[in-house]
1. Out of S401, S447, I need the residue that is in a loop (DSSP other than H, G, I, E, B), within 23 Å of the chain's Cα centre (by Cα), touching a residue at least 24 places away in the same chain (Cβ under 8 Å) and under 30 Å from W188 (Cβ atoms). Which one?
2. Here is a list of conditions, (1) at pLDDT below 95; (2) open to solvent by less than 10 Å² (accessible area, probe 1.4 Å); (3) touching a Phe, Trp or Tyr at 6+ places or on another chain (Cβ under 8 Å); (4) of a type outside the set (D, E, K, R), and L216 meets all of them except one; can you say which number that is?
3. Quick one: I236 ticks every box in (1) farther than 17 Å from P374 by Cβ; (2) within 28 Å of the chain's Cα centre (by Cα); (3) open to solvent by 60 Å² or more (accessible area, probe 1.4 Å) except a single one, so which number is it?
4. Are any residues in the range 79-109 out of contact with any Lys or Arg (no Cβ under 8 Å at 6 or more places or on another chain) and surrounded by fewer than 16 Cβ atoms within 10 Å (Cβ to Cβ), and if so, which ones?
5. Sort out which residues of the range 107-137 are over 20 Å from the mean Cα position of the chain (by Cα) and modelled with pLDDT of 95 or more, and write them in order of number.
6. Would you be able to say whether some residue in the range 255-272 is surrounded by fewer than 18 Cβ atoms within 10 Å (Cβ to Cβ) and over 19 Å from P215 (Cα atoms)?
7. When you go through (1) farther than 25 Å from Q426 by Cα; (2) of a type in the set (V, I, T); (3) open to solvent by 50 Å² or more (accessible area, probe 1.4 Å) one by one for V152, which number turns out not to apply?
8. If only one of L499, L520, L476 is closer than 25 Å to Q95 by Cα, free of Cβ contacts under 8 Å to residues at least 40 places away in the same chain and not aromatic (F, W, Y), which one is it?
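The values are calculated or read from the model by the stated rules, or taken from the named source; none is laboratory data. Computed from a predicted model, the values in this text were never measured in an experiment. Here the Cβ positions follow ideal geometry from the backbone for every residue, glycine too, while neighbour counts run over all protein chains shown. Side chains included, ligands, DNA and RNA excluded: accessible areas come from the protein's heavy atoms. Shrake-Rupley method; radii C 1.70, N 1.55, O 1.52, S 1.80 Å.
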Amino acid sequence: MAVTARLGRYASASAASWRHLRPGRALGRGPGLSPSARLRVQGHALSCSRGGPELPPAGDDLIGENIYLVLFTITLRVFNCALVQTSFVPDEYWQSLEVAHHMVFNYGHLTWEWEKGLRGYSYPLLFAGMYKILQLLAKDEVQLLIWVPRLVQALLSALADVKLYSFMKYTENAETAKWVYFCQLCSWFTWYCCTRTLTNTMETVLTIFALFYYPLEGLKTGSSCKYLTLVALAFIIRPTAVIPWIPLVFWHFWQEQKKGDLVLYNFVPVGVVTLGTSLLIDRVFYGEWVFVQLNFLKFNVIQNLGTIYGSHPWHWYFTQGFPVILGAHLPFFIHGCLQAPSKHQIFLVATVWTVLVYSTLSHKEFRFIYPVLPFCMVFCGYSLKQMKTWKKSAMAFLVLSNLLPALYTGLIHQRGPLDVMIHVQQLCYNSSNQPWDSVFVMMPCHSTPFYSHVHCPLKMRFLQCPPDLTGHEKYLDEADVFYSNPLRWLKEEFYNDTLLPNHLIFFSVLEQEISSFLILNEYEKTAAVFHTHVPEGRIGSHIHVYKRKMK
């Protein structure tokens, strides 16, 4: 509460400084402006060169906001990054860091999506650039390879938080912006995701930046060119990023008087440049022309083949997904939908539209609807602002109810895959390491990071699970065959002692079933790493590390 009051003073000071330095410019009137200049300030821009009034000059401001607000947000997200020590989904590593490691250091493993041209190199290229700089500086140590990308992602998320505040300040006022900003920082799911190297995280960051430039009624920072460019970048990184923006872009087009100019000078140039750049990047790294966005949409949306990763009932987002990611914000969101001005109802339309579209797909995940969470925070902020009584109690409730899931999911739940990689790292840097060291991860495929969290050419293997795209109903991948009878699979696979890996890593649920194999081949347990309090199916509460005794 003290922090919120302080942010309010920062915002007021920033606004006062703006008015003092540029009298009349912030409101689009005053003796210093001619009538034609006044019209330019008040109108919505169609291109980057006509994007509303200038932001305040440098001084006590940073990226257009009070420097203390910006530094506080960055510090909080860095702290956020340090307190997220768990894994979420395999894509966090396998579609970003593992690809970047392979691009720079020329070894590692690329998943089947990269063989089929379903993923683009534009997003991994960001992390590959960081890895290349570390390599040139001879600082490519494994801990830096792990933490530098996450810290950069935390910085981008912090800047997005500030832009969300700025968006609400320029659309409404500093008071409303303060409450939206407060709700954004309180969100447990944002805390859980915003520092992870997920395409969904970057998609959300770009969505907020695009929102800042969206030509909404009364928003003087609107710029068609800028917001469309950011939306196009999000589409390149993850093609489904366009889903929340479909109603927003159509609304913009409908409201725009010069529709021909909007299409000719914004839609077409932005689309051609961004898609062209993406094609060139993928041409360089694939070695051939690949239209990954089309392949991605065809696989996940048109053919709906994402069901190979699991399916859920159509109502899952409404009954579980959306309520879970909103958490304690849900009642405030509902109340805010009734309180927000009509011009912001388009964000409610975008939210409902996104949830409906994703509901038509069989495979569903919490992270898929993460990009609409900032829209929801707008309504939550309005709810808090409109409260006349119980405001302090509501603030305390939001902080405390989000703190527990944020800390539990960030520090405890599913931390095993990262902790076990510390044991694997020691095989690279241990002075007694032998050239024949090898590791076999007998877990559901992609359960752990790989070479991006080891950074040495250690011989490693895991159970493969590429889908069958030929339509065979009885197809079983390597992981399915293994789990159907683990003991038999191990005996058939390692029929010769020379084929046995030196280290085995697997979930605790498998230990009893393969105990005879472990004893026969003289494996001994060297570590038991906690993973989760809620084991299920192939996932155990702990991850065990076994080492083979060498004669």
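1. Working: S401 fails: in a loop (DSSP other than H, G, I, E, B).
The match here is S447.
2. Status for L216: all satisfied but (3).
3. The number of the failed condition is (3).
4. F79, A82, L83, N106, Y107
5. K132, I133, L134, Q135, L136, L137
6. yes
7. (3)
8. Details: L499 fails: closer than 25 Å to Q95 by Cα; L520 fails: closer than 25 Å to Q95 by Cα.
Of the residues listed, the single one that is closer than 25 Å to Q95 by Cα, free of Cβ contacts under 8 Å to residues at least 40 places away in the same chain and not aromatic (F, W, Y) is L476.
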